[in-house]
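Just so you know, all these numbers are worked out from the coordinates, no wet-lab data involved. Please read these numbers as outputs of a predicted model, since none were measured by experiment. In this analysis, Cβ positions are derived from the backbone assuming ideal geometry, glycine residues included, and neighbour counts consider all displayed protein chains.
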């Protein structure tokens, strides 16, 4: 049994070979912000980005040269690779922040992990004075992270067949647009590029400058939430920009298989899908409740439409796990009168659609669990030998087995265990439980909405807990738990 917890030499070489491929991809990505540095005459960033590209490129070439791909990935080795590569990528992606002298290495690593996992917490204390080059890089990491590091690797990968399939599954993706995984990944990239262009145009028409439009297209579509200013989108105080942002956030949080179906002309599928029904039901219900709370307490005056505007934006930002804000601490906790922040917390935990750029438990899992409750209640009423059809509509009609219900329930339970452990650790340093519950939910679901707990001066352990939460939330927990299990068993097995 112990051998199942070990990686063979050939599996390890395959993992290291693909780490080399990823490092080369990252080296190329480091060169793109240099264009912005040149346009905005910021030569101080040439050395940080070029140095980072050289280091990443050298590591990549060494790994590819020394470690040859000898076998195809097994699902186990693919999951280990998908877990490790996020840590390595963020370690390298932190270098430009660190080499520029603007962040310590821990804060730089935090910023990189927050970017690539599309979370949106930032270690920059004064966002309003961050340079265009660094801001572009921050937004660009979120745009890449929206697709996923491994996903981009799949698009450029020379391999086909088993490697592609298992890497696709290892990053928590099960649905495919076409029978061929390679074809599916290419289609998703094309759709992502199309929506990126649409997002830039929408923001520009709504009144944003071109650079801001590009940046927020990156961070809204990826449901990342990085901002150019301390006050996020409130800086513009424009209802048109907020409407554009909500449209883009919902697009980013929607299943790409559903996008593909709609783009092929079958738009009715969008309204039939269980994820759409779950998402819009939650948005409508939570927005109405919060609007009433805000209006009754005159949080934004006696204009009910203004209160509705603030409520709707934050509900959409929370459930899409984007993290763009128009309401901030302390108003968010003090004036939203408990119910508002509680509903935001719940929506952040529920999260976005499956096969989307968003995080959280996901609309599909919630839909399955809600259906599971109904089926269980019905089973008490039906005769013993009666067979109940357990089906949902998600792009197509799907049969839900007891195994699917079991795995879904196990995921949700594990999510909450990790959430509770994280809250306990952070409470050691910050005793304000309402703020900590809010902040940790935002971290684990890769949202980035802040109650003001986390800052550049936070204890190192708190930052590390948040980094782990970003990482586990983005990978949907199972690959990380597999890595921990293999490491623990190998350490114990050697004693």
The stretch 432-495 - Kirkwood radius from inverse mean 1/r over Cα pairs (Å): 13.2 Å
- prompt: Hey, rough spin-label estimate for residue 481 and residue 402, points 7 angstrom out along Cα→Cβ, what's it come to in nanometres?
  reply: 2.0 nm
field: Cα centroid of the stretch 254-277 to Cα centroid of the stretch 426-474, whole Å
entry: 34 Å
- line: Footprinting proxy, 295, 216: sorted fewest to most Cβ within 10 Å, the residues are 295, 216
task: Please work out the C-alpha center-to-center distance from the stretch 65-82 to the stretch 100-143 and express it in whole Å.
output: 30 Å
- prompt: For 136, 308, what ranking results if the residue with the fewest other Cβ atoms within 10 Å of its Cβ goes first?
  reply: 308, 136
task: Using only C-alpha atoms and all pairs of different ones, pull out the Kirkwood radius for the stretch 177-315 in Å with one decimal.
output: 16.6 Å
field: Fewest-first ranking of 98, 30, 328, using other Cβ atoms within 10 Å as the exposure measure
entry: 328, 98, 30
field: Translational D in µm²/s for the chain (Stokes-Einstein at 4 °C, 1.567 mPa s, Kirkwood Rh from C-alpha pairs)
entry: 56 µm²/s
field: Point-to-point label distance, residue 305-residue 231, nm (Cα→Cβ direction, 7 Å offset)
entry: 2.2 nm
Extent along principal axes [Cα atoms of the stretch 314-402; Å; largest to smallest]: 57, 28, 14
- line: From DSSP H assignment alone, runs of 4+ in the chain each adding -39500 (n - 2.57), the sum over residues rounded to the nearest 500 puts [θ] at 222 nm at -21500 deg cm²/dmol
query: How far apart, in nm, are the 7 Å Cα→Cβ label points at residue 281 and residue 74?
result: 4.2 nm
- prompt: Taking one equal scatterer on every alpha-carbon of the stretch 20-103, how large is log10 of I(q)/I(0) by Debye at q = 0.11, 0.17, 0.21, 0.26 1/Å?
  reply: -0.36, -0.73, -0.97, -1.25
task: At q = 0.14, 0.20, 0.21, 0.26 Å⁻¹, what is the base-10 log of I(q)/I(0) for the stretch 386-472 according to the Debye formula with one equal point scatterer per Cα and no solvent? Please give it to two decimals.
output: -0.59, -0.87, -0.93, -1.29
task: May I ask you to order 334-343, 374-383 by the average number of other C-beta atoms within 10 Å around their residues, highest value first?
output: 334-343, 374-383
